[in-house]
1. Please give the number of the condition residue B:61 fails out of (1) touching a residue at least 12 places away in the same chain (Cβ under 8 Å); (2) surrounded by fewer than 14 Cβ atoms within 10 Å (Cβ to Cβ); (3) among the small types (Gly, Ala, Ser).
2. Being within 14 Å of chain A (Cβ to nearest Cβ) and among the small types (Gly, Ala, Ser) is the filter here; which residues of region B:78-117 pass it?
3. Let me confirm something: among A:46, A:63, A:90, which residue is touching a helix residue (DSSP H, G or I) at 6+ places or on another chain (Cβ under 8 Å) and surrounded by 16 or more Cβ atoms within 10 Å (Cβ to Cβ)?
4. Are any of the residues in region B:52-75 facing chain A (nearest Cβ under 10 Å), hydroxyl-bearing (Ser, Thr, Tyr) and closer than 18 Å to residue A:91 by Cα?
5. So, residue B:55, is that one modelled with pLDDT under 90, part of a loop (DSSP other than H, G, I, E, B) and under 15 Å from the mean Cα position of the chain (by Cα) or not?
6. Looking at (1) farther than 21 Å from residue B:16 by Cβ; (2) crowded, with 19+ Cβ neighbours inside 10 Å, which is the one condition that is false for residue B:114?
7. Identify the residue in region A:7-40 that is hydroxyl-bearing (Ser, Thr, Tyr) and closer than 23 Å to residue A:80 by Cα and, among all such residues, is modelled with the lowest pLDDT.
8. Looking at region B:6-29 only, could you name the residues that are in contact with a strand residue (DSSP E or B) (Cβ under 7 Å, 6 or more places away or on another chain), more than 14 Å from chain A (Cβ to nearest Cβ) and not in a strand (DSSP E or B)?
Amino acid sequence: AQSVAQPEDQVNVAEGNPLTVKCTYSVSGNPYLFWYVQYPNRGLQFLLKYITGDNLVKGSYGFEAEFNKSQTSFHLKKPSALVSDSALYFCAVRDIRGTSGTYKYIFGTGTRLKVLA
Amino acid sequence: GAVVSQHPSWVICKSGTSVKIECRSLDFQATTMFWYRQFPKQSLMLMATSNEGSKATYEQGVEKDKFLINHASLTLSTLTVTSAHPEDSSFYICSAATTGTGSQPQHFGDGTRLSIL
């Protein structure tokens, strides 16, 4: 079965510093990977995805992620953190159900990012 | 674009009541809709996947008769929590996807906080 792991429950970073939120995956076949952000009492917002192509993916709000096949990682990064980036971040992978061809998404446990002023 | 409207955003009701939550894709047709449950400080737990005009696919451990899902059109799915009890109190989030391959991101509603007294 497909899975994703987010090893850090919380990441603290000073405003203006670069940030990294880690995600590793385990899939059979080519992975479809996603990052989402969740603000309190809200649904999730899409940040970026990797399906194929360039390993460095650029997304919304200045975020980017690097797909690393050998390390099975898809870490989220931003060169300069803002206080407003403080939120809960989820990594997700597509999981195909058996032979039916239908799919679902598997989410990591989430990482809370705190950007300190 | 790609807006998903979920309502109500907050429900407080007595034990034994049935509660219906609506999820609408406002500006696109959703081939697949997903229903998640999120506990405090935890990840999203997929409850079921629904495709327009067909029966929902429930995840293991989710009671079909308790959580009724209807996906009557390409823009509307509903989740009815029947005879709700305090243990059903949670944050319920729906999402919608536009393709059958899972290569496009999900678009999430803002969630419904359900409190059963």
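1. (1)
2. Residues satisfying the conditions are B:90, B:95, B:96, B:97, B:100, B:102, B:103, B:109, B:111, B:115.
3. Working: A:63 fails: touching a helix residue (DSSP H, G or I) at 6+ places or on another chain (Cβ under 8 Å); A:90 fails: touching a helix residue (DSSP H, G or I) at 6+ places or on another chain (Cβ under 8 Å).
When all the criteria are applied, what remains is A:46.
4. Within region B:52-75, none of the residues are facing chain A (nearest Cβ under 10 Å), hydroxyl-bearing (Ser, Thr, Tyr) and closer than 18 Å to residue A:91 by Cα.
5. On the way: modelled with pLDDT under 90: yes; part of a loop (DSSP other than H, G, I, E, B): yes; under 15 Å from the mean Cα position of the chain (by Cα): yes.
Criteria met by residue B:55.
6. For residue B:114, the exception is condition (1).
7. Ranking the qualifying residues of region A:7-40, first place goes to A:39.
8. Those that are in contact with a strand residue (DSSP E or B) (Cβ under 7 Å, 6 or more places away or on another chain), more than 14 Å from chain A (Cβ to nearest Cβ) and not in a strand (DSSP E or B): B:15, B:18.
The values are calculated or read from the model by the stated rules, or taken from the named source; none is laboratory data. This structure is a prediction, so every number in the text was calculated from the model and none was measured. Glycine also receives a Cβ, built like all others from the backbone with ideal geometry; neighbour counts cover every protein chain displayed.
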